[in-house]
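Comments concern the structure below.
Here, each number is a calculation from the coordinates, and none is a lab measurement. Model, not experiment: these values are computed from the prediction. All Cβ positions, even for glycine, are placed from backbone atoms using ideal geometry, and neighbour counts span all protein chains on display.
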Amino acid sequence: MSDTSFDVVIIGGGPGGYVAAIRAAQLGLKTACIEKRGSLGGTCLNVGCIPSKALLTASHHYHAAAHELGSFGIKVAKVEMDVAGMMGHKDKVVSDNTKGIEFLFKKNKVTYIVGAGAITAPGQIEVTAKDGAKSNVAAKHIVIATGSDVTPLPGVEIDEEVIISSTGALALSKTPKHMVVIGGGVIGLELGTVWGRLGAKVTVVEFLDRILPFNDGEVSKQMQRLLAKQGMEFKLGTKVTGIAKKGKTATVTVEPAAGGAAEKIEADSVLVAIGRKPYTEGLGLDKVGVALDKRGFVQIDGHFRTNVPGIYAIGDVVGGAMLAHKAEEEGVALAEILAGQHGHVNYEAIPAVVYTWPEVASVGKTEEQLKAEGIAYKAGKFPFTANGRARSMNEVDGFVKVLACATTDKVLGAHIVGPNAGDLIAEVVLAMEFGAASEDIARTCHAHPGLGEAVKEACLAVDGRPLHT
Ligand code: FAD
Ligand code: NAI
């Protein structure tokens, strides 16, 4: 095999692509990964999960020092915000992480090709470097892992200064006075939280009549109440009909989604966060005949195969939950399939976390889904107000809700609003992977005092026998 001929070539170095590359190489396949961004890690490491969490953590610390430490008997003389310093922290975290992937590629002998890949024929890829130089790579298997991009709002131009996407919201040089967030989903609430903590007035305009529409209804309601308490304003059931930019400000015109009187909102920052769309530009998919669905996602079968033999796809570009860990699981499963193993992803047990505070974490079915599917279920709920550890942390907002099958007691879903919910959910994900019953968790010894005791108590509540409420 020549230096330009591989068993597997992956286009896209995000969590789907880079993880697939590492796993394929571990399994002895000669592997290359083509990435055009100039750094590995994709959306997630460069302009997504990691920088947003770096700013969420920094702003959380600032807010705690400025407003919360007093309640623990800690006097802080003068707290100053340093937005540039926070951005420096974020940039360092991103750079350390992306370099870490380059190290992992070297360690696992994955060839990293910098440039834009286009499929010219099954098994053939043309790579265009930044300077325009072209080269060709041959592969037995080609994996499309090109991810996703911001969904634009029709008629609105994102300038990343006043009218921004998540990428702009991760790089503002100062706190806006008034940030209007269009879309009450994950990005809107996380990045609205960052700038709200740093002093911006934040107004969320959401088309539907609830925020976090993919979450359990009770979770959405509780989060709206808690975020409103933190100062976030909500305009639900509201659509944006126009945005007029004047210099460093913008006027956002909104009206009720069902029709009615228009209202104008003045802002110095407008964050468009209405979802993400598959990214397949310049890949040459039309030329090789790879089928896309109506929304532009690459169509695959249960083994990540597109309709063209030898071409596979994983991650955001195939749709489903647009989450880094889902992309990673698909990358691992596909690499194992390509190596002749039996890779598999359990889509019933993919957790989803919103990193606001309190955090929101969920896995499996919501109550609304169970009702719609006519599945008989039992629900157990436990509030953090009754959890000793949460009380010692002054973090009593939220609850754990566990949904289990009414006949078998098998855990079907869990929904947590609360401190460290994103870590607490892992226990329920594991239980679901093992096909556990809620009683299995209820009878498992949990360390005291721990937030995890709330998960155990919610499972006890499924059977109507919580100990501490
Ligand atoms: P991507 O990460 O998008 O990577 C695709 C890569 O392919 C890109 O680097 C792109 O440059 C490259 N590429 C595209 N076309 C070509 C080409 N022709 N040639 C070469 N390279 C190409 N998910 C979570 O699970 N947790 C979070 O906390 C979280 N936070 C997020 C915060 C924000 C602000 C955003 C925007 C997203 C967040 N996500 C989060 C979602 C997560 O980033 C994505 O689900 C994940 O990155 C998808 O991985 P991927 O590998 O499919 O695609
Ligand atoms: P989203 O799908 O989570 O939310 C978009 C929101 O915008 C929805 O509530 C929707 O009803 C609303 N909306 C759509 N069109 C609208 C319009 N014209 N006017 C007003 N509201 C409108 O999408 P978001 O927040 O952009 O995130 C994109 C993806 O990134 C998500 O799929 C998410 O999974 C991923 N992500 C994950 C994170 C995490 O795991 N913590 C963090 C950030 C992003």
If we ask which residues in segment 13-41 are within 16 Å of ligand 2 (Cβ to nearest atom) and either free of Cβ contacts under 8 Å to residues at least 12 places away in the same chain or outside any helix (DSSP H, G or I) (or both), their number turns out to be 2
Tell me, which residue of segment 173-217 that is more than 8 Å from ligand 2 (Cβ to nearest atom) and among the acidic types (Asp, Glu) is surrounded by the most Cβ atoms within 10 Å (Cβ to Cβ)?
-> Asp216
Which number in (1) within 27 Å of Trp357 (Cα to Cα); (2) exposed (fewer than 12 other Cβ atoms within 10 Å of the Cβ) marks the one condition that Lys264 misses?
-> (1)
Over segment 346-359, the set of residues under 21 Å from Phe434 (Cβ atoms) and assigned to a loop (DSSP other than H, G, I, E, B) is Asn346, Ile350, Pro351
Name the single residue, out of those in segment 143-153 being assigned to a loop (DSSP other than H, G, I, E, B) and under 25 Å from Val360 (Cα atoms), that is farthest from ligand 2 (Cβ to nearest atom).
-> Gly147
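Scan segment 389-404 and tell me whether some residue there is of a type outside the set (S, T, N, Q), within 16 Å of ligand 2 (Cβ to nearest atom), part of a loop (DSSP other than H, G, I, E, B) and within 25 Å of Ala447 (Cβ to Cβ).
No, every residue in segment 389-404 fails to be of a type outside the set (S, T, N, Q), within 16 Å of ligand 2 (Cβ to nearest atom), part of a loop (DSSP other than H, G, I, E, B) and within 25 Å of Ala447 (Cβ to Cβ).
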Criterion (buried (at least 18 other Cβ atoms within 10 Å of the Cβ), more than 23 Å from Thr280 (Cβ to Cβ) and of a type in the set (Lys, Arg)) met by exactly one of Lys78, Lys90, Lys107 = Lys90
How many of the residues making up segment 182-205 are away from ligand 1 (no atom under 11 Å from the Cβ) and closer than 15 Å to Lys239 by Cα?
-> 6
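Against the condition more than 27 Å from Asp286 (Cα to Cα), within 14 Å of ligand 2 (Cβ to nearest atom), under 21 Å from the mean Cα position of the chain (by Cα) and of a type in the set (D, E, K, R), how does Glu359 come out, does it pass?
Yes.
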May I ask you to list the residues in segment 273-311 that are over 22 Å from the mean Cα position of the chain (by Cα), within 20 Å of Ala139 (Cβ to Cβ) and in a strand (DSSP E or B)?
-> Arg305, Ile311
Of the conditions (1) in a helix (DSSP H, G or I); (2) over 19 Å from Met86 (Cβ atoms); (3) among the β-branched types (Val, Ile, Thr), the single one that Ile211 does not satisfy is (1)
Subset of segment 187-215 [touching a helix residue (DSSP H, G or I) at 6+ places or on another chain (Cβ under 6 Å) and in contact (Cβ under 8 Å) with a residue 40 or more places away in the chain] = Ile187, Glu190, Leu191, Val194, Arg197, Leu198, Leu212
When segment 360-381 is examined, which residues are found to be free of Cβ contacts under 8 Å to residues at least 40 places away in the same chain and assigned to a strand (DSSP E or B)?
-> Tyr377
Tally, over segment 154-183, of residues that are in contact with a helix residue (DSSP H, G or I) (Cβ under 6 Å, 6 or more places away or on another chain), in a strand (DSSP E or B) and closer than 13 Å to Lys248 by Cα | 1
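Yes/no per residue for (1) within 24 Å of Ala333 (Cβ to Cβ); (2) within 11 Å of ligand 1 (Cβ to nearest atom):
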position: Ile22; (1), (2): yes, no
position: Glu35; (1), (2): yes, yes
position: Ser39; (1), (2): no, yes
position: Ile50; (1), (2): yes, yes
position: Leu55; (1), (2): no, yes
position: His63; (1), (2): no, no
position: Ala66; (1), (2): no, no
position: Gly70; (1), (2): no, no
position: Lys75; (1), (2): no, no
Within segment 274-288, residues closer than 17 Å to Tyr312 by Cβ and within 7 Å of ligand 1 (Cβ to nearest atom) come out as Tyr279, Leu283
What single numbered condition from (1) of a type outside the set (A, V, I, L, M, F, W, C); (2) within 16 Å of ligand 2 (Cβ to nearest atom); (3) closer than 30 Å to Ala335 by Cα fails to hold for Asn136?
-> (2)
